[in-house]
1. How far, in nm, would the chain grow between residue 50 and residue 228 when pulled straight, counting 0.36 nm per residue and subtracting the alpha carbon separation?
2. Let me know the Rg and Dmax you get for region 179-323 when you use only its Cα atoms, in Å.
3. In whole angstrom, how far apart do the alpha carbon centroids of region 244-274 and region 138-194 sit?
4. Could you tell me which of rounded, prolate or oblate describes region 266-324, using a ≥ b ≥ c as the square roots of the eigenvalues of the alpha-carbon gyration tensor, with rounded for a/c under 1.5 and, failing that, prolate when a/b is larger than b/c and oblate otherwise?
5. Out of all DSSP beta bridges with both ends in the chain, state the antiparallel percent to the nearest 5.
6. With springs only between Cα atoms under 10 Å, which of 96, 138, 154 fluctuates most in a Gaussian network model of the chain?
7. How much length would be gained if the chain were fully extended between residue 265 and residue 32, taking 0.36 nm per residue of separation minus their Cα-Cα distance, in nm to one decimal?
8. Obtain the nm distance between the two label points defined at residue 155 and residue 193 by a simple spin-label model: each point lies 7 Å from its Cα along the Cα-to-C-beta direction.
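What follows draws every value from the coordinates through simple rules; no lab data is involved. Only a predicted model underlies this, so the values are computations on that prediction, with no experimental measurement involved. So basically every Cβ, Gly included, is an ideal-geometry build from the backbone, and we count neighbours across all protein chains shown.
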């Protein structure tokens, strides 16, 4: 199993934190601590005048990865669309993407919303499906978000946290020993009311609703999960920290990455962080980090070990060991 073909699409409009910092500091709200924790300078935002949607960005990313990988839509057996802000609920946007690409009839299409852990789960699911299928060989996973449309711009955490974008990658079954080695999940639903949209549920939804985000929520529970289990997770697979070639950690918070990295004494160069330049892209962030690392630092060698840690609202977290 391998994933080597990726494509990142984003709107043309890039924004910095300058105006947001000025807005909050005029209200005597210090932004330095939040900036240091999250690690943000820029983000991509769909403007109010733009006709771009989550779906249109997803289609652009899907077309881009097919074009650059020299694959055709007819080669794809599964299309999974990962988003917390889909354009449609009925039919699922994966079917709309299938239509836009001209996919073949015998294609499995579905949407997945598990918030920021969605792409992690999608990779886990399609890898297992492809492994167990006699006919399916290739899956296309597309992540897209337009969270700027529903963010609370008066909340200092969310005001400059997220980036509107889409990211696509192809997972292919082959005859090598590459692919998932092990996966572990962790869910603590006592945090299920810390991040909510719609805040009162769809039965009470109105057009002006924005995400409720408890400013005290910092994902520290998922960090503790990594601190408690990461070492044992590797040990049960006969590996140590030193055997991992690249650590793909959730790009939500630089502070959280540094806590885990320092605890396990992981060299900084093995833990890429790109949310400073690109903004936080949600579910795709861990795979976008891989994409940027291979373009800007170096290509991974076949047989390299990757350790993934990420989290989603609610919250749930996961660890995945992948052999490249």
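1. 59.6 nm
2. Spelled out, the Cα radius of gyration and Dmax of region 179-323 are 16.6, 52 Å.
3. Using only Cα atoms, the two centres lie 17 Å from each other.
4. oblate
5. Roughly 70 percent of the DSSP beta bridges within the chain come out antiparallel.
6. Among 96, 138, 154, the largest mean-square fluctuation in the Gaussian network model of the chain belongs to 154.
7. Result: 81.3 nm gained on full extension.
8. Result for the modelled spin labels: 1.5 nm.
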